[in-house]
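To start, I am sharing the structure in question, which I have written as structure tokens.
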Amino acid sequence: MTLTQVSKMVDTVTLRLNEPDFKISNHKKFSPSSEGLFFPPYSRMGGRAYLDCYQNPSKSDFEKGNYKPQLTLRKRWIDGEPQIYLYIQFSAPKILYLNNFDELNNEDFPTICSELQAKLLSMGVLTSSEKIAKAQVTKVHYSKNILLPPFVIPYMIMKEVRKIDFDLRYDLAEKDYLNSGQSLRFHTKEFEFILYDKKKDLEKAKKGEKSIDKDPEVQLNLFEKFIPKKTFEILRLELRLNTLNKIKKELSSKVENYTFQQLFNSDISTYILNKYWGLIMENYQLINFDIDNKEKFLASFIINNPNCKITTALSTYAFLECIKELGIRRFRRILEYKYDRRSWYSLKSKIKGYKLKKISNQQLGYVSNYLSKYEPLYIKDFE
């Protein structure tokens, strides 16, 4: 596969431009007017740490196919000096395709910067494509649409993933659509890892209900504009790094400067999505060892782990049986209530060191294989 065929997998991005890398040509387009940020009599801070002016696209803009970014002008005092920033939040695929189903390629980056510059010009903001490319990223969402094989729906994947304990440091939240879970989210204040049914999410948005997609209006009729050759199901994965600190923690080994140009990178998106999916697979395996037949399990353990004592075989079986019966999350909480977090990690580490018979899950394995490939997905592929 050539470089220009590589899928970028970048969706929502928030860029920060520092004055004087931008100029405002029409202050009245912002609410409140941004004149008070730049000219006397200056808008009063009123004891606040910063002062914001906004410009958000209207629903009618989206419905007319006029996709625009969300803009925030922010003035704050740093070391006794006023600083003004422009935050630009947008979906990169929607800038180019008016939907985030179609995925981006390396060659798309200059076009996206050029299109974004034109959008900003129409919104009363003057800047250049070069400044946009070098703008600092404060938030970035990496995503992938996964075309599932026949007779597999996203719910089947999420049903299995729900069983795991991703990590007790992460707060697990589940969102259900019509009594059948169509999304699953692992999140903290700084990040989110979301699995959801892309088609169901659009159906939900079309009914006026809350969807995962933050601004779905521009693509509500996406799957009505063509007649697919056959039915298909899409599982969407999104890894949302919602603060600059989190971006730095996750990607400091991959980039030097956290600019739009550096983070719009296929290797980075593939690396980070595979990292979090790998954590899911690692935790899932703990509940997927073959222990249904006690006699076969003990015989297999003794044969494959000849240096272990029988007490080790019995304690390993007990550990796996408790996980299967109670679930990882509940069992771990019981252990940590009586002992400490190190006890859980110690037991988990020992289990990894034994040769145990695993039960493979073809559906999750399919997702793993799909993520390892650099294949962009386009809506035209189904026409």
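The values are calculated or read from the model by the stated rules, or taken from the named source; none is laboratory data. Computed from a predicted model, the values in this text were never measured in an experiment. Neighbour counts run over all protein chains shown; Cβ positions are idealised from the backbone, glycine included.
Residues checked against (1) within 30 Å of PRO154 (Cβ to Cβ); (2) of a type in the set (Val, Ile, Thr); (3) free of Cβ contacts under 8 Å to residues at least 60 places away in the same chain:
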| residue | (1), (2), (3) |
| --- | --- |
| SER315 | no, no, yes |
| ALA318 | no, no, yes |
| LYS324 | yes, no, yes |
| ARG329 | yes, no, no |
| LEU335 | no, no, yes |
| TYR339 | no, no, yes |
| ILE351 | yes, yes, no |
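Shifting gears a bit: Given the residues TYR54, TYR50, which is the only one that is within 30 Å of LYS246 (Cα to Cα) and modelled with pLDDT of 95 or more?
TYR54
Of all residues being assigned to a helix (DSSP H, G or I) and of a type in the set (A, V, I, L, M) in segment 360-383, which is farthest from ILE291 (Cα to Cα)? Just the residue, please.
ILE379
Check PRO306 against each of (1) farther than 30 Å from LYS249 by Cα; (2) part of a helix (DSSP H, G or I); (3) not β-branched (Val, Ile, Thr) and name the one condition it does not meet.
So PRO306 meets the others, but not (2).
One line per residue, one yes/no per condition, for (1) within 30 Å of ASN106 (Cβ to Cβ); (2) buried (at least 16 other Cβ atoms within 10 Å of the Cβ); (3) out of contact with any helix residue (DSSP H, G or I) (no Cβ under 8 Å at 6 or more places or on another chain):
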position	(1), (2), (3)
ARG333	no, no, yes
ASP340	no, no, yes
SER343	no, no, no
GLY365	yes, no, yes
ASN369	yes, no, yes
SER372	yes, no, no
LEU377	yes, yes, yes
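Can you pull out every residue in segment 97-148 that is in contact with an Asp or Glu (Cβ under 6 Å, 6 or more places away or on another chain) and more than 24 Å from ASN26 (Cβ to Cβ)?
Correct list: ASN100, HIS141, SER143, LEU148.
On to the next question. Mind checking which pairs have a first residue in segment 46-69 that is assigned by TED's automatic domain parsing to the domain that holds ILE24 and a second that is at pLDDT below 85 and assigned to a loop (DSSP other than H, G, I, E, B), Cβ under 7 Å, 6 or more apart or different chains?
Close Cβ pairs satisfying both conditions: LEU51/MET45; PHE62/ASP215.
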